[in-house]
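The values are calculated or read from the model by the stated rules, or taken from the named source; none is laboratory data. Since the structure is predicted, the reported quantities are computational estimates derived from the model, not experimental observations. We place every Cβ from the backbone using ideal geometry, glycine too, and count neighbours over all the protein chains shown. Accessible surface areas use protein heavy atoms only, side chains included; no ligands, DNA or RNA. Shrake-Rupley method; radii C 1.70, N 1.55, O 1.52, S 1.80 Å.
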Amino acid sequence: AHAKVWHSYKNHFQPHQKGMMSIVLGSHWIEPNKSDDALDISKCQRSMERVLGWFAKPIYGDGDYPEELKNEFSFLPRFTEDEKNYIKGTADFFAFSFGPNNFKPPSTLPKMGQNLSLNLREVLNWIKLEYNSPRILIAENGWFTDSHVKTDDTTAIYMMKNFINKVLQAIKYDNVDVFGYTAWSLLDGFEWQHADNIRRGLFYIDFKSEKKERIPKSSALYYKQIIQENGFFPVESTPSLQAQFSCDFSWGVTESVLKAESMASSPQFCDSSLYLWNITGDGLLHKVKGVKLKTRRAQCTDFVTIKKQLDLLEKMKVTHYRFALDWSLILPNGDQSVVNRQVLRYYRCVISEALKLNIQSMVTLYYPTHAYLGLPGPLLQAGGWLNQSTAQAFQGYADLCFRELGDLVKLWVTINEPNRLSDIYNRSSNDTYWAAHNLLIAHAMAWRTYDKHYRSFQHGKVSLSLHSDWAEPANPYLESHSEAANRFLQFEIGWFADPIFKTGDYPAAMREYISYKTRKGLSHSSLPSFTSEERQLVKGAADFYALNHFTTRFVIQEPQNGSQYEFDHDIQFLQDITCLSSPSRLAVVPWGMRKVLGWIKKNYGDIDIYITANGIDDQSLDNDELRNYYLGKYIQEVLKAYYIDKVKIKGYYAFKLTEEKSKPRFGFFTSDSKGKPSIKFYNSLISNNGFPANYSVCNSSHHKKQCSFCLFISQKPFIFFACCLLSTLILLLTIIVFHKRKKRKRFKAKSIQCLCVSL
């Protein structure tokens, strides 16, 4: 039937109508369980031939059914040679349908034990390879929502975005000849076996209403935008900027806690005993009794791991190094009844040795993680941050660190990401909020201690680092999603930032929303109240804003019941699968960095800002291109915020120096200290102080020469000693020559005098 109509059009209408004709064929797509298994691949091929090849091969191939189909089904009709020739080539393009009807119900599909997939790019490539690169029209494509969904079809938006993005990839990267895309469908309608239980229209229709109004859904607005932009226009705040940061800008790298196993000290200069090495016997060292040798004072070079750490920092070419102390190691009892002086000396050595390389340290006092809470044992057993006495203990710990290390440290971070401890204190929302309250008090007490006792002569600055990811509405056409994005920022950032940088109290929006849910009986949560003394203590207790930023979260409004912190803000995260992302599924959204920096300035004023952690995980050890791309794009957005938006950004710290085994690969160096190519890229950003044009506003060549000479001298002691010795010899020879000449002059003068007397 199709062939007859095509021939009729070809012979009688096409010559003057100039049109094209085809047949719409629909198909699923299937991928092998094991991509390197020939049998699995063969099963996938057979599955596609049974569904798509059944009609496509006669028309776009040799005029006959697939061989596999003919061999398996003896009852399949056989074409005559005339029919084959008549059917073959009866399409001017390949019209293709791809959507839920091609996947539901899956029990009717010949899966053959393999995996169904929605990868439209792959099936387009299969058509290209199987049927000699035909021109392709996507004649029907879209997704569905449940019948109760009206205009809020966010899922349909992201499915459409995914499908169209795959089509674009097939065109751009695979040279598949796709010349059009048609969304299914314009209106909600009767969906065959699904009746009106699902909706697939771009326009919503209430079938029970009298007038059946057509109301545009979010997907209609989104599709309109794609048509206007003819694809996906890169979302960047402004074009790339050629400019530099201020000359005193801090370029740093972040490390987590310097761990206990890194603190081994060489005993060779500390042990006064004499040993005999029993080489031919048991191979052990045996102490010689009654013999004591002279020892020298302990030095930083005794710590065998510090040099390795400094070598890595030197390769990074940074000006600042951020690392964290281990509270539980320094004060194992939680108070100063026992102080581990050896650990403190180790940290002091790290800081002082780094200073010799002109690298200043930003020191974090407390760096908890999901795997390691980092509290001294007695404090942990007493309830940790649910116990108010932990805040008092932290103040004492901070005071000790300021006293012992403060002369060398100008930038302090009290607590790293206290707004992420909600993942640990999650038995109930009230546990979460009280732990956060005590963390805030602990930070403020530490800040006040520094401000009162140490600032006047140490001249340092103190703050805390907040996890500050940006939030975007997953559906920009819905007000509820925009409200959810703002609520996320209030619950995530404002929760800690408002009390310190703004009001001395939690965000009003946060309090009001929790109260609203409590009144509705949806939650039993309640935020702690600050006393007047606590407000005075907390408000203003920071010298700068420190943020850790990694990604942008796409959020949707999702009402939830229950007394948990994550339920209180009624949001869910949506993963945009068309967005470039890392192995750990962190979306790479550079413009989110500029937005969050602008949001901080707007909400908390013109304060100094340090980006204390920013980075991405990249699995590659030899060519971490993703990290290079991430660094370049994110630092470019930081520069725009600094240069265009006038945000007072004082420093940028890349995350992180070294990676840990069996963890996401965030490090510039592997766990065995092997450097990655991204080091060189970050070096170039540091040396250029941003993205300059053909000039540099910072003339630091003289300073660099001086530092290079100092560095050369400090790292080459034998050469330095030789130079000193040579200088001394030259000076000594000069003195000797001078005295000999003087002697000769005196001798000549006496000879002349004698001669005159004789005459």
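Counted by Cβ distance under 12 Å from residue 168, the other residues give a net charge of +2, where Lys and Arg count +1 and Asp and Glu count -1. Averaged over residues, the count of other Cβ atoms within 10 Å places the peptides 85-93, 239-247 in the sequence 85-93, 239-247, highest first.
Each Lys or Arg adds one and each Asp or Glu takes one away; over the other residues whose Cβ falls under 12 Å from the Cβ of residue 111, this sums to +1.
Okay, which of the stretch 97-137 sit inside 20 Å, backbone N to the point 7 Å along the Cα-Cβ direction of residue 39? Label zone hits: 110-116. The structure-derived value of percent of Cα pairs over 46 Å apart appears in the list [x] 36; [y] 49; [z] 43 under the label [z].
For the stretch 529-621, the calculated P(r), taken from all Cα-Cα distances in 10 Å bins from zero up to the bin holding the longest distance, is 13, 28, 35, 21, 4, 0 percent.
Can you give me the angle between helix 341-356 and the longest principal axis of the chain, using Cα atoms only, in degrees from 0 to 90, rounded to the nearest 10? For 341-356 against the chain, the angle is about 90 degrees. A simple rule links phi to the HN-Hα coupling: the Karplus curve 6.51 cos²θ - 1.76 cosθ + 1.60 with θ = phi - 60°, which for the stretch 225-232 gives 5, 4, 5, 4, 8, 6, x, 10 Hz, with x for Gly and Pro. Rolling a 1.4 angstrom probe over the protein heavy atoms with all chains in place gives the chain an accessible area of 51 Å² per residue.
Once the Cα-Cα distance is subtracted from the 0.36 nm per residue extended length, the residue 122 to residue 305 segment shows a gain of 60.8 nm.
For residue 362, the residues 5 or more places off, or on other chains, whose built amide H falls under 5 Å of its own are 321, 322, 323.
Assuming R0 = 45 Å, what is the FRET efficiency of residue 293 and residue 674, from their Cβ-Cβ distance, to the nearest 0.05? E(calc), rounded to 0.05, equals 0.70. Normalised Debye scattering of the stretch 282-441 at q = 0.19 Å⁻¹ gives log10 I(q)/I(0) of -1.18, counting only Cα atoms as equal scatterers and leaving out solvent. Measuring against 30 Å, Cα to Cα, the residue pairs 287/661; 539/650; 317/633 contain 287/661 as the ones spanning a longer distance.
Sequence-ordered 3J(HN,Hα) estimates for the stretch 524-530 from the Karplus curve with 6.51, -1.76 and 1.60 and θ = phi - 60° stand at 10, 6, 7, 7, x, 9, 7 Hz, glycine and proline given as x. The local environment of residue 9, defined by Cβ-Cβ distances under 13 Å, has a net charge of +2 under the rule Lys, Arg +1 and Asp, Glu -1. Averaging over all projection directions, the Cα-based convex hull of the stretch 1-229 occupies 15.6 nm² in the image plane. Among the chymotrypsin sites (Phe, Trp or Tyr not before Pro) in the stretch 419-486, none is located in a DSSP loop while being surrounded by at most 11 other Cβ atoms within 10 Å of its own Cβ.
Here the simple spin-label model places points 7 Å from the Cα toward Cβ, and for residue 274 and residue 738 these points are separated by 4.8 nm. Element breakdown for the chain at a 1.4 angstrom probe: carbon and sulfur atoms account for 56% of the accessible area. Distances between placed amide hydrogens fall under 5 Å for residue 303 paired with 266, all partners being 5 or more residues away or on another chain. Between residue 14 and residue 573, the C-beta separation translates, for a Förster distance of 51 Å, into a calculated FRET efficiency of about 0.45.
With both residues required to sit in the chain, DSSP beta bridges show an antiparallel share near 25%. For the stretch 84-189, place one equal point scatterer on every Cα, skip the solvent, and apply the Debye formula. What is log10 of I(q)/I(0) at q = 0.10 Å⁻¹? The calculated log intensity ratios at q = 0.10 Å⁻¹ are -0.34. For the pair residue 151 and residue 687, the difference between a 0.36 nm per residue extended length and the Cα-Cα distance amounts to 187.8 nm. Hey, with R₀ at 30 Å, roughly what FRET efficiency would residue 479 and residue 584 work out to, going by the Cβ-Cβ distance, to 0.05? Approximately 0.40, to the nearest 0.05. Highest mean first, the peptides 248-257, 684-693 sorted by other C-beta atoms within 10 Å per residue fall in the order 248-257, 684-693.
Within the stretch 1-229, DSSP assigns beta bridges of which about 30% are antiparallel (rounded to the nearest 5). Give the aspartates and glutamates whose C-alpha is closer than 15 Å to that of residue 166, dropping any in the same chain fewer than 8 places away, or say none. List returned: 122, 140, 174, 177, 576. Note that the stretch 140-155 has calculated 3J(HN,Hα) couplings of 8, 7, x, 9, 9, 10, 5, 5, 6, 6, 9, 9, 8, 9, 4, 4 Hz, one per residue in order, obtained from phi through the Karplus relation 6.51 cos²θ - 1.76 cosθ + 1.60 (θ = phi - 60°); glycine and proline are x. In this structure, the amide hydrogen of residue 184, modeled 1.01 Å from its nitrogen in the peptide plane, lies closer than 5 angstrom to those of 141, 142, counting only residues at least 5 positions away or on a different chain.
The GluC sites (Glu not before Pro) of the stretch 176-243 that DSSP puts in a loop, and whose beta carbon has at most 14 other beta carbons within 10 Å, are 210, 213, 236. In a fully extended conformation the segment linking residue 727 and residue 193 would gain 182.5 nm over its present Cα-Cα distance, using 0.36 nm per residue. In terms of its alpha-carbon gyration tensor, the stretch 1-135 comes out prolate; a/c meets the 1.5 threshold, and the first ratio a/b outweighs b/c.
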